[in-house]
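Undergrad: Please read through the structure below; I'll follow up with questions.
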Amino acid sequence: MNRVKRKLSARETAAKLCSLGRHTKKTLRDKLYAKKFPSSEIEAAVIAMEEIGYIDESEYVRAYVSDSYRIKKHGRVRILSELKMRGISEEMADKAVSSFDADECAIIKEVLEKRFEDMEDKEKIYRYFVTRGFSLSDVRSCMNED
């Protein structure tokens, strides 16, 4: 039997995307725009997803900050930058990062032990940590505590 696939509406697509992973309003909007839905349908779908609780930006931010510190081993600067790219307000992002009790120096030391056997090339080490969102002064002070 030949089944005809019907095209999903913006709302159905949004619900499907939200069931597959967490989204902010901006990331959901971007994915729906990429699928060529009309703006009015996209806005209605995003509002609907927020109303039924599929989008909860405060929970998204809390989980993102936690995962970034614990799993990805990123620093404050990178976390704030990535949240901003995902459409999170600077105030909300800053509040979430500040409220998360992360010891960036401990993270730096943990990564140093695992990743860098040769501690001779300081520039390479500094570059590594700065690209991951740690301030150069924090990296230097944590490395000099040893």
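Derivation of every value follows stated rules applied to the coordinates shown; laboratory data play no part. Quick caveat: nothing in here was measured; it's all calculated off a predicted structure. Cβ coordinates were reconstructed from backbone atoms using ideal geometry, including for glycine residues, and neighbour counts include every protein chain displayed.
Undergrad: If you take every residue apart from GLU50 with its C-beta less than 10 Å away from the C-beta of GLU50, what net charge results, scoring Lys and Arg +1 and Asp and Glu -1? Display every interim value, and only then the final one.
TA: Working: positive: LYS25; negative: GLU51, ASP56, GLU57.
Surrounding charge for GLU50 is -2.
Undergrad: With Kirkwood's inverse mean 1/r over C-alpha pairs for Rh, give me the Rg to Rh ratio of the stretch 80-146, two decimals please.
TA: Rounded to two decimals, Rg over Rh is 1.04.
Undergrad: Here is a further query. Give, in nm to one decimal, the length gained when the segment between ALA48 and LYS124 is fully stretched (0.36 nm per residue of separation minus the Cα-Cα distance).
TA: Answer, rounded to one decimal: 22.6 nm.
Undergrad: Give the relative contact order (percent, whole number) for the stretch 74-146; include only Cα pairs under 8 Å separated by 6+ residues.
TA: Once divided by the residue count of the stretch 74-146, the mean separation gives 44 percent.
Undergrad: Using Cα pairs closer than 8 Å and at least 6 residues apart in sequence, work out the relative contact order for the chain, in percent.
TA: Rounded, it is 22 percent for the chain.
Undergrad: Related question: Using 0.36 nm per residue of separation minus the Cα-Cα distance, give me the extension gain between SER141 and LYS7 in nm, one decimal.
TA: 42.6 nm
Undergrad: Taking the Cβ-Cβ separation of VAL111 and ARG62 as r and a Förster radius of 30 Å, what is the calculated FRET efficiency to the nearest 0.05?
TA: Working: r = 23 Å, r/R0 = 0.77.
Between VAL111 and ARG62 the formula returns 0.85.
Undergrad: Given only helices, namely DSSP H runs of n ≥ 4 each adding -39500 (n - 2.57), what is the per-residue ellipticity at 222 nm of the chain, to the nearest 500 deg cm²/dmol? Could you put the intermediate results ahead of the total?
TA: Numbers: 9 runs with 96 residues, N = 146.
So the calculated ellipticity at 222 nm is -19500 deg cm²/dmol.
Undergrad: Oh, and also: Quick check: the distance between the Cα centres of the stretch 82-128 and the stretch 4-54, to the nearest angstrom?
TA: 32 Å
Undergrad: Please report the projected area of the stretch 56-101's Cα convex hull averaged over all directions, in nm².
TA: Averaged projected hull area, Cα only: 2.7 nm².
Undergrad: Continuing with the same structure: Would you work out the relative contact order for the stretch 56-101, in percent, from Cα pairs under 8 angstrom that are 6 or more residues apart? Please report the intermediate quantities before stating the final value.
TA: Values: 27 pairs, mean separation 20.2, N = 46.
Taking the mean separation of contacting Cα pairs over the length of the stretch 56-101, I get 44 percent.
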